[in-house]
Amino acid sequence: MNVLSKMLRLQDGGLLLPASADTTLTPNVYTGRPFLRKVNAQLQPVWSYVYRGGLPRQYFQFIRMLELQDGSVLALAAEELPRPPVATYQLHHISASGRLLRLYPITTALCDAFQLATLIADPGGRAVYVAGGCQSPGNTGAYAARIDLSPSLPLLLAATPAQLTAAAPLTFELFPNPASTTATVRYQLPAGTAAALHLTDATGRLVRRLTLRGGSSGGEVVVPLAGLAPGLYAATLLTPDGRPLATRRLAVVAE
């Protein structure tokens, strides 16, 4: 398995790693398949996806990915280095659990071959922009396309969140405390931002993780405590890239 392009940080704190791989290899013949692996914030594997359907060429790879608001992913599969020219690429709509929901094959007469490098969401819509270069002999130049996706997509494309910093105004309350079965987190984050809530035990082991989203009216989430041993826990609010913003202590007691 070869990692071939940038990983994507997900809203739940995990990462999506693109690669080209296969488990069925023919001697002296490389048959790489577009491959994705999701790992959680602790870098533990969550799911893997490999596309074994029909491909225009043997060397298709996932070049770029976008996360949608429901946690599903759009992944752009194309030839990174066309050989020989191929004028087709694909968008894979993959569920939050790693299952293929829909495949969008795209062919154009504008280029005989692509070297695609960009997949950008149209904020607030169901369209994406694909861009790169035409690489075939005698037909070089830039390539860009706006692709309107199916209206059956469950939710709008996720816009890039606003930057959340330690200086951002926020509210972070935890109650009841002590708690036995559940605890409620009341929070307010700047609109357009997101944060992760990590609950760790006295050894630093992560036992609960939730995603909080900013808005004008604030919000509340319930943290289930069933199955946790009585003791002192730390509830930490973190930016999407893992920087701590605030920590509250929570005492868990037996029912």
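Using a Förster distance of 45 Å, how high is the FRET efficiency between Arg186 and Ala109, based on the Cβ-Cβ distance and rounded to 0.05? Efficiency, rounded to the nearest 0.05: 0.20.
Taking 7 Å steps out from each Cα toward its Cβ at Ala144 and Asp122 produces label points 1.4 nm apart.
For the range 169-255, the set of trypsin sites (Lys or Arg not before Pro) satisfying both a DSSP loop assignment and a count of at most 15 other C-beta atoms within 10 Å is given as Arg205. Between Arg99 and Met7, residue separation times 0.36 nm minus the direct Cα-Cα distance comes to 31.3 nm. For Ser48 and Gln69, the FRET efficiency from 1/(1 + (r/R0)^6), where r spans their Cβ atoms and R0 equals 22 Å, is about 0.45. For the range 171-252, the relative contact order comes to 34 percent (Cα pairs under 8 Å, sequence separation of at least 6).
Each residue, Glu255 and Arg213, gets one label point 7 Å from its Cα in the Cβ direction; the gap between the two is 3.2 nm.
Throughout, read-outs are computed from the coordinates displayed, never taken from laboratory work. Computed from a predicted model, the values in this text were never measured in an experiment. Neighbour counts are summed over all protein chains in view; Cβ atoms, including those assigned to glycine, are modelled from backbone coordinates with ideal geometry.
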